[in-house]
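> Mind looking over this structure? Questions follow.
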Amino acid sequence: MAVPDGLNPDPTYQVHVRPPAQGHLSLFNHRRLVLLLEAAGFSVELLEWFDEQGRFHTRDWDVAGGRIERSYRFDERRTVSIIVDARKDSGK
């Protein structure tokens with residue numbers, strides 16, 4: 001999952017993604033997004049995000065699980081989103 005990052009320190013990025021820009025309904029930070037997903041029963045691994053001090057964090061992930069274009073890894077513009085891998089046990 002990729003959503004606009006409310007902690008991205010770039011003011012131009014913030015203007016570009018702030019609701020209702022581009023149909024966005026909400027602006028998340030990594031902590032809020034993880035809490036919401038975990039409350040819905042998902043296990044969550046953060047892959048790309050900014051922290052409260054404006055520092056960018058990234059972890060490598062297997063592209064076989066899905067290529068996310070708006071990521072530091074693939075977006076030449078470097079207009080990254082919060083990227084998480086959220087999984088729910090299938091019960092099997």
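The values are calculated or read from the model by the stated rules, or taken from the named source; none is laboratory data. The structure presented is a predicted model; accordingly, all values stated were derived computationally and were not measured. Here the Cβ positions follow ideal geometry from the backbone for every residue, glycine too, while neighbour counts run over all protein chains shown.
> If a residue must be farther than 18 Å from Val17 by Cβ, in a loop (DSSP other than H, G, I, E, B) and of a type in the set (Asp, Glu), how many such residues does region 43-75 contain?
2
> Taking only pairs six or more apart or across chains, which ones have beta-carbon atoms under 7 Å, a first residue in region 20-32 that is modelled with pLDDT of 85 or more, and a second residue that is exposed (fewer than 14 other Cβ atoms within 10 Å of the Cβ)?
Between residues of region 20-32 that are modelled with pLDDT of 85 or more and residues that are exposed (fewer than 14 other Cβ atoms within 10 Å of the Cβ), the close pairs are Leu25/Pro19; Ser26/Pro19; Leu27/Arg18; Leu27/Pro19.
> Take the residues in region 49-69 that are surrounded by 12 or more Cβ atoms within 10 Å (Cβ to Cβ) and at pLDDT below 90, then tell me which one is nearest to the chain's Cα centre (by Cα).
If we take residues in region 49-69 being surrounded by 12 or more Cβ atoms within 10 Å (Cβ to Cβ) and at pLDDT below 90, then Ile68 is nearest to the chain's Cα centre (by Cα).
> If Arg32 passes every condition in (1) assigned to a loop (DSSP other than H, G, I, E, B); (2) surrounded by 13 or more Cβ atoms within 10 Å (Cβ to Cβ) but one, which one does it miss?
(1)
> In region 1-29, what count of residues is obtained for those that are in a loop (DSSP other than H, G, I, E, B) and under 16 Å from Thr79 (Cα atoms)?
From region 1-29, those in a loop (DSSP other than H, G, I, E, B) are 1, 4, 6-10, 18-20, 24-27, 29; that's our starting set.
Filter again for under 16 Å from Thr79 (Cα atoms), leaving 1, 4, 6-10, 18, 24, 27, 29.
Count: 11.
> Right, another one. Taking region 49-92 as the region of interest, how many residues are of a type outside the set (A, V, I, L, M, F, W, C) and in contact with a strand residue (DSSP E or B) (Cβ under 6 Å, 6 or more places away or on another chain)? Spell out the reasoning first.
Step one: filter region 49-92 for residues of a type outside the set (A, V, I, L, M, F, W, C), giving 51-55, 57-60, 62, 65-67, 69-73, 75-79, 81, 85, 87-92.
With in contact with a strand residue (DSSP E or B) (Cβ under 6 Å, 6 or more places away or on another chain) added as a condition, the list becomes 57-59, 70-72, 81, 85, 87.
Number of matching residues: 9.
> Anything in region 76-92 that is among the acidic types (Asp, Glu) and in a loop (DSSP other than H, G, I, E, B)? List them, or say none. Walk me through how you get there before you give the answer.
Going residue by residue through region 76-92, those that are among the acidic types (Asp, Glu) are 76, 85, 89.
Of everything in region 76-92, those that are among the acidic types (Asp, Glu) and in a loop (DSSP other than H, G, I, E, B) turn out to be Glu76, Asp89.
> Within region 70-86, is there a residue that is more than 14 Å from the chain's Cα centre (by Cα) and in contact (Cβ under 8 Å) with a residue 40 or more places away in the chain?
Checking region 70-86: not a single residue is more than 14 Å from the chain's Cα centre (by Cα) and in contact (Cβ under 8 Å) with a residue 40 or more places away in the chain.
> Just to verify a result, which residue in region 34-65, among those that are without any contact (Cβ under 8 Å) to a residue 40 or more places away in the chain and among the aromatic types (Phe, Trp, Tyr), is nearest to Arg87 (Cα to Cα)?
Residue satisfying both the conditions and the ranking: Trp61.
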